[in-house]
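In what follows, a structure is listed as structure tokens, so that the remarks can point back to it.
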Amino acid sequence: MRRWLSGPVLAVVVTLVGLIATGLTVAGLRAAQRASAERVMDQRAAMAKAAVLAETDRYRSLLAATAGGLTTDSAMTWEDFDAATATLDGAGLKGVASVAYVVPATDAQVPAVRKLWRARGSDGLVLRPVAGAAEHYFTIFTRGLRDDGSAAGLDLAGAAEPAEALVDARRMSTVTVSDTYVLLRDRHLPADRQQHSFVFAAPIWPRTADPAFRGWLVLGLRGQDFLSGVLSTVSQGQLDGELLASNDDGSRPAVARYSVPGRPDLERQSLLEVATDEWTLIVRADSRNLPGARSSLPTTVLLGGILLTLVVAGLVHVLATARARALARVRTATAELRRQAGLLGAVMTSIGDGVGVIDENGEFLLHNPAARKLLGVPEEPGDPGDWQQHYGLYRPDGRTPFPQDELPLIRALAGESSDGVELLVRNPGRPEGILLSVDGRPLDPSAGQRGAVAVFHDITELRRYENDLAVFAGVVAHDLKAPLARIRGHCEAVAESLADGDGDPQEWLTRAVLAVDRMGAMIDTLLAYTTARDAPLACVPVDLADLVRDVVQDRVGHLPAGERPDVLIAGLPMVAADPALLRHVLDNLIGNALKYVRRGAAARVEITASPASAGWTRVTIADRGIGIPDADKPAVFERFHRAHAGAGYAGTGLGLAICKRIVERHGGEIGVADNPGGGTRFHFTLALEEYAMKLKKSPVEDDDQTRARLERALAERAAMERTALPGLSALPSAAPSAGDPAGTRLRSPVPHHHTEEPE
């Protein structure tokens, strides 16, 4: 009776399990279809975002390039403007209405401005100043790109949005974009034909030591025409689009909309950084119109699953008793095998080194998780001849492909063991490259088949530390040996002058102390560089404006009021950072901005902040200095690289490398670009205060000594720069004064030009 009941009961259980599995499979397929639609939506949204960003960046670049070309023309005429903007006609600028040359003028300057520009080709120019404006912004020359250009003489001060964009462009020396508004030239149109629009404004600053502002090149952009032109190409009839602007008053008006047939049930939003503003692009789609969202596969699987379940249930009912006995025997026979296999799997999963095993044909039998992580590619190629290209295997030089017949696994298949074979792995999963040491052995015959096993060790950090030690040895042998030789020479000169009884030893002692100072600064910089990697972060809320003002005061506070450089600090928020490390970054970047200026020119520095990604801010330090050659920009953050080593500016080449380490320790990014109008713009990102809890903080229990060493080195370096060198006050008439050039260099933390002291 019990044996008779076991078959039907088991068959019912199998039926229920089969139906549940079929239902779950169908649900999974439905979910996969939905996920496929989501992925396609992500791709379409990314394409739309990229297209909008590409177009706006193209407009900004073309405008900046055209404005840059006009900076060299000190007496621009209509012919010059016409020639400079002619290329914009055929550039296919979607939504762009016109381009205009705009100049500023006060009420008193209006007659002179009208007379000047009539003489330069603006025939019949009539200026129409807006009443009550402190400064007017007149269009002098215009070129229509989609229709006829607006009449010259319009005063853009009549609308607050373009006026604010012009003021910001002149102040920041960069291309800006206005808040949304209706173009002055469109305000006579019927309301249903008026569009929300923007203007891009590029300042025209001559590239001279003392530039005089000339005006702006302004591009008018109609929002609806722009969005329709972009999305009609990339949406493929599947995406609705909506473009929102972020105005200074906090409003987010809808600038333009683009619609396609369907009932949208998917939506994506993207933030777009356009010049100095931020737009929001919203795209929507009907998932039924997207590829991969609908198919007959779930229905087919449902019917096939039900049929297969019924067939299997019938077979189980027939074979239930025999199957139960067979399962019992299998469990007994395989229990020990499963235990050993589980133990082996746990061991292979737990070890940190990578392990790979192949059979005699080169097929992988085993790749533990550590090996997959080290190699960076989850898939395993079937042919050993594809290993080099598939995994990206190179010799340690990073350029020479690793020969197949020298690979440790191939050598092990031939019966040859190998130890410590170094190879570089670089592929999409490991774009930065990783250096591995590989040991290869033939597979033990007890395994029952021919094969090979290899063990991978990551030695990237080991080689990096070895390289650092080699570089440090070179610096100590070269840069520290020279000051020691000078100290010895100066001391011998002092000894000779004292032995002869004539001459003044003070000059030689001063030079010897200067050499000690340079050697001590080098040692402190090396200490800061090595400890910046591992010093623990103590992130707290930091008032960035107060910290910047404090650094600037330390840098220029000792100078007379008439000799202090022009430093602008604006819009700096509260951030979450380690104050000591952040101060070092600011001190180095601001010091460089004050240091690398043209001889005889006054330094000019702007320190501002703008929104980055959500929860982050972008800090920019712009100067009007000598700039950085394009060839040196990719390497300025590498250790011991100096862009102006031969131009008479002293330094160790470690300052920007330290800044990069500190910023990356905070989770941010640092970069450099040219400053429009001349000079350099360094920028780095920091987390805002309200996102402080999301930062990864390094443990501090065992790192107090390391942190103390870093802070002590930074403090000693700052104290040495702010004060005279110890020992000078003990010498007769050795106090630094304004009349002593050497003393001035010792007391000033940032002289205009750091040069080597004469010997």
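The values are calculated or read from the model by the stated rules, or taken from the named source; none is laboratory data. Because the structure is a prediction, the values reported are computed rather than measured. Reconstructed Cβ throughout: ideal geometry from the backbone, glycine too, with neighbour counts over all protein chains shown. Heads up: the accessible areas ignore ligands, DNA and RNA and are worked out on the full protein's heavy atoms, side chains in. Shrake-Rupley method; radii C 1.70, N 1.55, O 1.52, S 1.80 Å.
Taking θ as phi - 60°, what are the ³J(HN,Hα) couplings along the stretch 670-676 by the Karplus curve (6.51, -1.76, 1.60), each to the nearest whole Hz, with x for Gly and Pro?
Those phi angles translate into 10, x, 9, 8, 5, 8, x Hz.
Sort out for me the Cα centre separation of the stretch 112-139 from the stretch 344-395, rounded to whole Å.
Using only Cα atoms, the two centres lie 74 Å from each other.
Which one, Ala134, Gly124, Gly144, projects farthest toward the positive side of the charge dipole computed for the stretch 112-151 from Cβ point charges (K/R +1, D/E -1)?
Result: Gly124.
When ranked by the protection proxy of mean other Cβ atoms within 10 Å per residue, highest first, what sequence do the peptides 253-263, 613-623 form? Present the calculation step by step, with values, prior to reporting the outcome.
On the way: 253-263: 15.8, 613-623: 18.9.
Peptide ranking by packing, descending: 613-623, 253-263.
What's the center-to-center distance, using Cα atoms, between the stretch 10-24 and the stretch 189-238 in Å?
Using only Cα atoms to place each centre, the spacing works out to 63 Å.
Going through the cross-link list Lys633/Lys660; Lys595/Lys633; Lys49/Lys94; Lys595/Lys660, which pairs have a Cα-Cα distance over 22 Å in this structure?
Values: Lys633/Lys660 14 Å; Lys595/Lys633 18 Å; Lys49/Lys94 15 Å; Lys595/Lys660 19 Å.
The pairs that break the limit, which is 22 Å between Cα atoms, do not exist here.
Based on the mean of other beta carbon atoms within 10 Å per residue, what is the order of 11-17, 413-419, 239-245, most packed first? Please report the intermediate quantities before stating the final value.
Values: 11-17: 15.1, 413-419: 13.1, 239-245: 22.3.
Highest to lowest by the protection proxy: 239-245, 11-17, 413-419.
Which of rounded, prolate, oblate describes the stretch 382-471, given a ≥ b ≥ c as roots of the alpha-carbon gyration tensor eigenvalues and a/c under 1.5 marking rounded, otherwise prolate only if a/b is larger than b/c? Let's see the in-between values first.
Numbers: a/c = 2.50, a/b = 1.64, b/c = 1.52.
Verdict is prolate for the stretch 382-471.
Which value, in debye to the nearest 20, describes the size of the charge dipole of the stretch 363-433 about its Cα centre when Lys and Arg Cβ atoms bear +1, Asp and Glu Cβ atoms bear -1, and nothing else is charged? Show your work: numbers first, answer last.
Details: 7 positive and 12 negative charges, 65 e Å.
Computed charge dipole of the stretch 363-433: roughly 320 debye.
With a/c under 1.5 counting as rounded, go ahead and sort the stretch 340-392 into rounded, prolate or oblate using the C-alpha gyration tensor (a ≥ b ≥ c being the square roots of the eigenvalues; past the cut-off, prolate if a/b is larger than b/c, else oblate). Each step should come with its number before you reach the end.
Details: a/c = 3.19, a/b = 1.56, b/c = 2.05.
Oblate.
So, with a 1.4 angstrom probe, what is the percent of accessible area on the stretch 359-424 that is carbon and sulfur? Display every interim value, and only then the final one.
On the way: 1540 of 3380 Å².
C and S atoms contribute 46 percent here.
Along Cα→Cβ, 7 Å out, is where each label goes; now give me the distance between the ones at Glu466 and Asp550 in nm to one decimal.
Going from the Glu466 label point to the Asp550 one covers 4.3 nm.
Show me the ranking of peptides 428-435, 363-370 by mean Cβ neighbours inside 10 Å, starting with the highest. Don't skip to the end; give the middle numbers.
Details: 428-435: 14.0, 363-370: 16.4.
Highest to lowest by the protection proxy: 363-370, 428-435.
Take the alpha carbon gyration tensor of the stretch 26-110, find the square roots of its eigenvalues, order them as a ≥ b ≥ c, and report rounded if a/c is under 1.5; if not, report prolate when a/b exceeds b/c, else oblate.
Values: a/c = 4.95, a/b = 3.46, b/c = 1.43.
It is prolate, given that a/c is not under 1.5 and a/b is the larger ratio.
Give me the number: length gained by fully extending Glu363 to Arg257, i.e. 0.36 nm times residue separation minus the C-alpha to C-alpha distance, one decimal in nm. Could the numbers behind the result be given before it?
Values: separation 106, 0.36 × 106 = 38.16 nm, distance 5.53 nm.
Stretched fully, the Glu363-Arg257 segment lengthens by 32.6 nm.
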